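Report on the structure given below.
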Amino acid sequence: MEKIIKEANALVRYFKTRNPYKISAHLNIMVKWGDFKHLKGFYNCIYRNRFIAINSRLDEIEQIITCSHELGHDRLHRRQAKLGLMKDYCIYNMNDKYECEANLFAAQLLISDADFLAFAERQYTYAQIASELNVHEELAVIKGSILNGQGYKLNIPYVPRSSYLGRK
């Protein structure tokens with residue numbers, strides 16, 4: 001997990017943004033939107049050309065999370081992506097190693113430690129923290145898990161369901 005956190009933090013520091021679209025542009029990753037029936041998004045790498053595709057049917061928050069998740073695949077799983085598309089029908093699949101790592105990356109990229117901890121200190125629930133930070137509650141729970149791994153003592157209410165953001 002430490003490698004994933006360092007990778008996300010390095011991108012935020014270097015590009016001075018948490019915006020996955022801006023980071024993708026700086027990294028020469030083409031981001032495209034398409035009308036996919038069930039697919040949330042996918043990442044692919046063909047002949048050194050990297051692509052993130054996002055379902056245009058998703059709301060803005062889901063699109064940002066999906067882009068961050070797919071950016072995680074680029075940074076962490078490019079070799080696996082060269083073997084075939086990394087398709088995501090449900091984002092919060094914590095049972096698959098690659099999906100779990102991409103979720104950790106997305107949570108670290110989108111949510112700063114300081115912002116999360118400021119709300120946690122005020123006794124906000126995960127739902128309230130997520131609402132304040134414009135992410136889904138599942139991503140806030142994943143961020144809480146990351147912070148617990150760094151020595152904080154946050155109450156994690158549940159493990160995110162893999163069916164969350166599943167097929168619509």
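Each reported figure results from applying straightforward, stated rules to the coordinates on display, with no laboratory input. Treat the numbers as computed from the prediction; the structure is a model and nothing was measured. Neighbour counts run over all protein chains shown; Cβ positions are idealised from the backbone, glycine included.
Projecting label points 7 angstrom from Cα along Cα→Cβ for Asp113 and Ala10 puts them 1.7 nm apart. Excluding same-chain neighbours fewer than eight residues apart, the aspartates and glutamates reachable from Lys3 by a Cα-Cα span under 13 Å are Glu101.
Cross-link check: pairs Lys22/Lys97; Lys6/Lys37; Lys6/Lys143 evaluated at a Cα-Cα cut-off of 24 Å; pairs beyond the cut-off: Lys22/Lys97; Lys6/Lys37. Classified by the C-alpha gyration tensor, region 2-110 has a rounded form. Its axis ratio a/c, with a ≥ b ≥ c, is below 1.5. Computed from phi, the 3J(HN,Hα) profile of region 116-125 under the Karplus parametrisation 6.51, -1.76, 1.60 (θ = phi - 60°) reads 4, 5, 4, 6, 5, 5, 8, 6, 5, 6 Hz, with x in place of Gly and Pro.
Amide H contacts for Val31 (H built 1.01 Å from N in the peptide plane; partners 5 or more residues away or on another chain; cut-off under 5 Å): Ile52.
Let's see if you can work this out: charge +1 on each Lys and Arg Cβ, -1 on each Asp and Glu Cβ, no other charges. What is the dipole magnitude of region 2-110 about its Cα centre, in debye to the nearest 20? The dipole magnitude comes to about 480 debye.
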